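The next block holds one structure in the form of structure tokens; read it before the comments.
The values are calculated or read from the model by the stated rules, or taken from the named source; none is laboratory data. Predicted, not measured: the structure shown is a model, and the values here were computed from it. We place every Cβ from the backbone using ideal geometry, glycine too, and count neighbours over all the protein chains shown.
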Amino acid sequence: ALKDESQLEPLFVTIRHSESYWLILHLISYLDEKKSNIAQIGERYGVSGTHFRRLCKRYLGNCGKSQLRSWRAASSILTTLSTVESLTQIAV
């Protein structure tokens, strides 16, 4: 555990001022919204769909659509593992 979180506050401020932080936060807000495409998500972020794709590639290392798919898969796996039902019951 951290004894003095105030020492980390400058780091947190720096992270919050980075474009990548806001881009990832924006993408995460669309995890449950399966009907939105990357162009629409980019426009809601305030840039064109093409520029949003470039930003995703720069900051995430791959396209936004792939990243959302990966996060959704990870979320599904974690949800499945945290249930008390057996995998057979979930599959049926």
In region 5-55, anything without any contact (Cβ under 8 Å) to a residue 24 or more places away in the chain and either touching a strand residue (DSSP E or B) at 6+ places or on another chain (Cβ under 8 Å) or hydroxyl-bearing (Ser, Thr, Tyr) (or both) is listed as 6, 14, 18, 21, 29, 36, 45, 48, 50
Test for residue 36: is it at pLDDT below 90 and either touching a Ser or Thr at 6+ places or on another chain (Cβ under 8 Å) or surrounded by 10 or more Cβ atoms within 10 Å (Cβ to Cβ) (or both): yes
